[in-house]
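Encoded as structure tokens, the structure appears first; notes follow it.
The values are calculated or read from the model by the stated rules, or taken from the named source; none is laboratory data. No experiment lies behind these values; they were computed from the predicted model shown. Cβ placement follows ideal geometry from the backbone for every residue including glycine, while neighbour counts extend to all protein chains displayed. The protein model used for the area step is the full one, side chains on, heavy atoms only, and it has no ligands, DNA or RNA in it. Shrake-Rupley method; radii C 1.70, N 1.55, O 1.52, S 1.80 Å.
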Amino acid sequence: MTMMLFPMLGNERMTNAIAERIGSAVGKLELRRFPDGESYIRLHSTVAGRAVAVVCTLAHPDDRFLQLLFTARLLRENGARSVHLVAPYLAYLRQDRRFNDGEALTSRQFAQLLSAEFDGLVTVDPHLHRYGNLQEVYSIETEALAASPLLAEWIRDHVEAPLIIGPDSESEQWAGAIAGHIGAPHVVFTKTRRGDRDVLIAASNLSAWKGRTAILVDDVISSGHTLANAAREILEQGFPAPICLAVHGLFASDAEAMLRGLGCRLVTTDSIPHSSNAITLASILGDALAGQFAAIDAKGLRRTPK
Ligand code: R5P
């Protein structure tokens, strides 16, 4: 029996692209809000015995999380053989430590909630800083895909003499991988974070790379201050405004206006729908999901609703 995909609201385009890639059906789910803000969810497709996946990017997770859990339970109650989650952007990974007494370790709590409802998770470049991999917090099958080859391809196709710049030591993993793919030079700045919107960037001397196009690469653009301050450093050294290339463009509050105001060109993957999306993840997500369906099928797994 064929697999079936279900989009949560706003994930229809990505769902259709993945379905086309792996030849699966797209199921019909009715989702709406009652006037008081509660959710109404109704399944219009037959899922009994099928492996199904819900596609839901998890930017702004607090607004969509309950609908996602209700949907997973509904699919399982209706007999789905296994229920997977495709989350092109996976939230709640940055609170990966209790930085102060009494703080919620939301990365772990979020992982526990998702692991209770889904059999498998496929995502792209989750923010793994203090965790080595998702299995440290998730108890289900997880697949963390790397977008760096796709980012590297975009640079190869669009920029003649790139200089890859990571704004902080964490971004070395993306900057180094991308530079390696296309044989370009890369440098990494250092960052001190003093608050959610307060970061200090110490830039290296770029004079050896004059004439190259500076490309700042990072996993996430959230408040935008990391890349904005790195861009200011680049401008100060006499380079034109850089291209800001990120896997996940969250663009909180005025981030986009601030970066565009500096003259930066913004390029992101379509993990979160935004006008800067130029790189599609459907192929890597689809292939990983198909592999996960096959592996879980081979094990004959079927969880029963609690
Ligand atoms: C940091 O750990 C991440 O890799 C990003 O640099 C960070 O999340 C970007 O955040 P913001 O845009 O708020 O500076």
Does GLU233 fit the bill of being charged (D, E, K, R) and touching a Lys or Arg at 6+ places or on another chain (Cβ under 9 Å)? no
So which residues in the stretch 164-180 are in a helix (DSSP H, G or I), surrounded by fewer than 22 Cβ atoms within 10 Å (Cβ to Cβ) and touching a strand residue (DSSP E or B) at 6+ places or on another chain (Cβ under 9 Å), if there are any at all? SER169, GLU170, GLU172, GLN173, GLY176, GLY180
Looking only at the stretch 103-115, decide whether some residue is under 18 Å from the mean Cα position of the chain (by Cα), surrounded by fewer than 20 Cβ atoms within 10 Å (Cβ to Cβ) and at pLDDT below 95. no
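Only residues that are assigned to a strand (DSSP E or B) and under 18 Å from GLY183 (Cα atoms): list them for the stretch 194-225, please. Write out each step before concluding.
Of all residues in the stretch 194-225, those assigned to a strand (DSSP E or B) come to 194-195, 198-202, 213-221.
The answer is THR213, ALA214, ILE215, LEU216, VAL217.
Name the residue, out of GLY195, GLY224, GLY211, that is within 12 Å of the ligand (Cβ to nearest atom) and either over 29 Å from ALA87 (Cα atoms) or touching a helix residue (DSSP H, G or I) at 6+ places or on another chain (Cβ under 7 Å) (or both).
On the way: GLY195 fails: either over 29 Å from ALA87 (Cα atoms) or touching a helix residue (DSSP H, G or I) at 6+ places or on another chain (Cβ under 7 Å) (or both); GLY211 fails: within 12 Å of the ligand (Cβ to nearest atom).
Only one candidate passes the filter, namely GLY224.
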Which residues, taken from the stretch 73-94, are of a type outside the set (Ser, Thr, Tyr) and under 18 Å from THR2 (Cα atoms)? LEU75, ARG76, ASN78, GLY79, ALA80, ARG81, VAL83, HIS84, LEU85, VAL86
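Mind telling me which of the residues SER253, SER283, SER207 ends up being out of contact with any strand residue (DSSP E or B) (no Cβ under 9 Å at 6 or more places or on another chain) and within 30 Å of GLU20 (Cβ to Cβ)? Working first, answer last.
Values: SER253 fails: within 30 Å of GLU20 (Cβ to Cβ); SER207 fails: within 30 Å of GLU20 (Cβ to Cβ).
After ruling out the rest, the residue left standing is SER283.
Given the structure, is ARG32 assigned to a strand (DSSP E or B), open to solvent by 60 Å² or more (accessible area, probe 1.4 Å), charged (D, E, K, R) and out of contact with any Pro (no Cβ under 6 Å at 6 or more places or on another chain)?
Numbers: assigned to a strand (DSSP E or B): yes; open to solvent by 60 Å² or more (accessible area, probe 1.4 Å): yes; charged (D, E, K, R): yes; out of contact with any Pro (no Cβ under 6 Å at 6 or more places or on another chain): yes.
Taking the combined requirement at face value, the residue satisfies it.
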Test each condition in (1) closer than 30 Å to ILE284 by Cβ; (2) surrounded by 13 or more Cβ atoms within 10 Å (Cβ to Cβ) for GLY183 and report the one that comes out false. (2)
Among the candidates SER222, SER253, which residue alone is within 21 Å of ALA91 (Cβ to Cβ), of a type outside the set (D, E, K, R) and modelled with pLDDT of 95 or more? SER222
Taking the residues in the stretch 220-278 that are open to solvent by less than 10 Å² (accessible area, probe 1.4 Å) and within 20 Å of THR15 (Cα to Cα) as candidates, determine which candidate is farthest from the chain's Cα centre (by Cα). SER276
Is it fair to say ARG21 is closer than 26 Å to ALA298 by Cβ and crowded, with 20+ Cβ neighbours inside 10 Å? no
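Could you look through the stretch 267-283, keep only residues that are touching a helix residue (DSSP H, G or I) at 6+ places or on another chain (Cβ under 6 Å) and among the aliphatic types (A, V, I, L, M), and pick out the one that is farthest from LYS191 (Cα to Cα)? Working first, answer last.
Step one: filter the stretch 267-283 for residues touching a helix residue (DSSP H, G or I) at 6+ places or on another chain (Cβ under 6 Å), giving 279, 282-283.
Filter once more, so that each one left must be among the aliphatic types (A, V, I, L, M): 279, 282.
Numbers: ILE279: 27, ALA282: 32 Å.
The qualifying residue farthest from LYS191 (Cα to Cα) is ALA282.
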What is the residue count in the stretch 267-294 for residues that are without any contact (Cβ under 8 Å) to a residue 40 or more places away in the chain, within 22 Å of VAL159 (Cβ to Cβ) and either in a helix (DSSP H, G or I) or within 16 Å of the ligand (Cβ to nearest atom) (or both)? 2
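This table checks each residue for (1) without any contact (Cβ under 8 Å) to a residue 12 or more places away in the chain; (2) open to solvent by less than 10 Å² (accessible area, probe 1.4 Å); (3) β-branched (Val, Ile, Thr).
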| residue | (1), (2), (3) |
| --- | --- |
| GLU12 | yes, no, no |
| THR15 | no, yes, yes |
| VAL26 | no, no, yes |
| ALA59 | no, yes, no |
| ASP62 | yes, no, no |
| SER82 | no, yes, no |
